[in-house]
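The values are calculated or read from the model by the stated rules, or taken from the named source; none is laboratory data. Quick caveat, the model's predicted, so the values are computed rather than measured. Cβ atoms come from the backbone with ideal geometry, glycine included; neighbour counts cover every protein chain shown.
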Amino acid sequence: MATRQSVDQLLQQCEDAINLAQDQYKDAATQQHYNDGNYTNALQALEDAYNDLAKLSFSANSQQREQLHRMRLQLQQVQNNMILLDH
């Protein structure tokens, strides 16, 4: 069973990845190809967080799974926006 602390830490990691990705998205939208390395790193952070969520959800209770699922949807939305950005 997942501990509350492990779920909270993972959710914080996801929030950090989302914030980083949103910052990179804004930069990429205005600067074109200037900083592709950071953009790629932000996408990788989102993917890593997504994979960690999937792993932790196997040992989570139903309430925790719901929290993790909602965060997973947020991660996917940010990922989709970044992938679809024509920069």
Here is a list of conditions, (1) modelled with pLDDT of 95 or more; (2) assigned to a loop (DSSP other than H, G, I, E, B), and HIS33 meets all of them except one; can you say which number that is?
(1)
Does the range 1-30 hold any residues that are buried (at least 16 other Cβ atoms within 10 Å of the Cβ), assigned to a helix (DSSP H, G or I) and modelled with pLDDT under 90, and which are they?
ASP27, ALA28
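Return the residues of the range 36-87 that are outside any helix (DSSP H, G or I) and either within 16 Å of SER6 (Cβ to Cβ) or not charged (D, E, K, R) (or both); say none if nothing qualifies. Break it down into steps so the answer makes sense when it comes.
Step one: filter the range 36-87 for residues outside any helix (DSSP H, G or I), giving 58-61, 85-87.
Result: PHE58, SER59, ALA60, ASN61, LEU85, HIS87.
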